[in-house]
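Asker: One structure follows; several queries about it will come next.
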Amino acid sequence: MWRSLLSLRQISQRTISTASRRQLENRVPEKQKLFQEDNGLPVYLKGGAMDGLLYRVTMGLTVFGTGYVLYELMVASMPKKQK
Amino acid sequence: MAHQAHSYHMVDPSPWPIFGAAAALLTTSGLIMWFHYNSSALLATGLLSMLLVMLQWWRDIVRESTFQGHHTPTVQKGLRYGMILFITSEAFFFLGFFWAFFHSSLVPTPELGGQWPPTGIKPLNPMEVPLLNTAILLASGVTVTWAHHSITEGNRKHAIHALTLTILLGFYFTALQAMEYYEAPFSIADSVYGSTFFVATGFHGLHVIIGSTFLTVCLLRLIKFHFTSNHHFGFEAAAWYWHFVDVIWLFLYMTIYWWGS
């Protein structure tokens, strides 16, 4: 029984295919190369196109939101006169 | 290319501080819109932008440290001071709620029946789920220490196992506490007993969720080989925070749950 358990262990350790094995390898050197490239980009945009998109979405939300807050503040500070 | 003659980190200009301030404005204004004008759009925008700022700011810190190498020992020392000071400020935050509890429970007013727990309040049995929760958090303190030792010893497999176990214990605590909240025979509206109980344990629960999230980020970084055996401050900060959350629970358990029952 123990022999079959041991061989089960060996099989489970060997079943990771080459595709998913790449995900378990150390990819930090690749990232280090990407983020140390001398391209003048600031760190918040240096990762690629997704960085720019996220930045624009965040800016859009906060700028639009701040404008809306100021609008509501104006409305709230001028109460409707009641007859 | 010019090189600096010091070991400090001169950061790239970043939009996150001002966007973070704007997000705080939107969130607080959003609360007012929700409370007084029955509109939750601004609050949702505020919380979403807060989340986006946090994700991108901390993502950038990982880039600056692990990928760009800016976290010299000098920088790390500053980060250690910073985390200690932050946790200290959180300790004072909870001190306020403990003060409120003792203010009301040491001298119970006639309106409460002159006793603590107040008349009509059936407190939770401290020897049931709260005791289990205590054991869970204490065990998670052991597992997070095991994870730390595994990291310093270079044992990747044990570190991943121990940190995963810590996070699972944190989730187990949160699930049990949520169930207790649902099943409790008293609510936050039930006199100052309900107020002190749910505000103190509620903020603690929020900190457990924050701590679990921090640990989960560390687990992902651990799996992605970000930590070395002698440089893993992100993990240490998470572990300190987690121990703090555990200590706060022990005080909550001894005072509100046990002495207060």
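Asker: Among the residues of segment B:128-173 satisfying the criterion of being polar (S, T, N, Q) and buried (at least 17 other Cβ atoms within 10 Å of the Cβ), which is nearest to B:LEU250 (Cα to Cα)?
Answerer: B:THR134
Asker: Looking for something assigned to a helix (DSSP H, G or I) and closer than 29 Å to B:ARG80 by Cα - is there at least one such residue anywhere in segment B:184-192?
Answerer: No, that holds for no residue.
Asker: Which condition from (1) within 16 Å of B:GLU236 (Cβ to Cβ); (2) assigned by the TED database to the domain that holds B:GLY202; (3) of a type in the set (S, T, N, Q) is the one that B:THR66 breaks?
Answerer: (2)
Asker: Here's a follow-up. Could we say that A:GLU25 is at the interface with chain B (Cβ under 9 Å from one of its Cβ atoms), under 27 Å from B:GLY30 (Cβ atoms) and of a type in the set (D, E, K, R) here? Before the answer, list the steps.
Answerer: Details: at the interface with chain B (Cβ under 9 Å from one of its Cβ atoms): yes; under 27 Å from B:GLY30 (Cβ atoms): no; of a type in the set (D, E, K, R): yes.
No; evaluated as a whole, the condition is false for this residue.
Asker: I'd like the full set of residues that are more than 7 Å from chain B (Cβ to nearest Cβ), in a helix (DSSP H, G or I) and surrounded by 11 or more Cβ atoms within 10 Å (Cβ to Cβ), limited to segment A:37-54.
Answerer: A:ASP51, A:GLY52
Asker: Turning to a different aspect of this structure: Whether any residue in segment B:30-37 is touching a residue at least 24 places away in the same chain (Cβ under 8 Å), within 13 Å of chain A (Cβ to nearest Cβ) and of a type outside the set (Phe, Trp, Tyr) is what I want to check. Walk me through how you get there before you give the answer.
Answerer: Step one: filter segment B:30-37 for residues touching a residue at least 24 places away in the same chain (Cβ under 8 Å), giving none.
Taking every residue of segment B:30-37 in turn, none turns out to be touching a residue at least 24 places away in the same chain (Cβ under 8 Å), within 13 Å of chain A (Cβ to nearest Cβ) and of a type outside the set (Phe, Trp, Tyr).
Asker: Residues to consider are B:THR201, B:THR213; find the one that is under 19 Å from the mean Cα position of the chain (by Cα), at pLDDT 95 or above and farther than 23 Å from B:LEU95 by Cα.
Answerer: Checking each option against the conditions leaves just B:THR213.
Asker: Now, a different point. In segment B:215-234, which residue that is out of contact with any Asp or Glu (no Cβ under 9 Å at 6 or more places or on another chain), within 12 Å of chain A (Cβ to nearest Cβ) and part of a loop (DSSP other than H, G, I, E, B) is surrounded by the fewest Cβ atoms within 10 Å (Cβ to Cβ)?
Answerer: Only one residue fits best here, namely B:LYS224.
The values are calculated or read from the model by the stated rules, or taken from the named source; none is laboratory data. Since we're looking at a predicted model, the values are computed, not measured. When we count neighbours, we look across all protein chains shown, and the Cβ atoms used for this are built from the backbone with ideal geometry, even at glycine.
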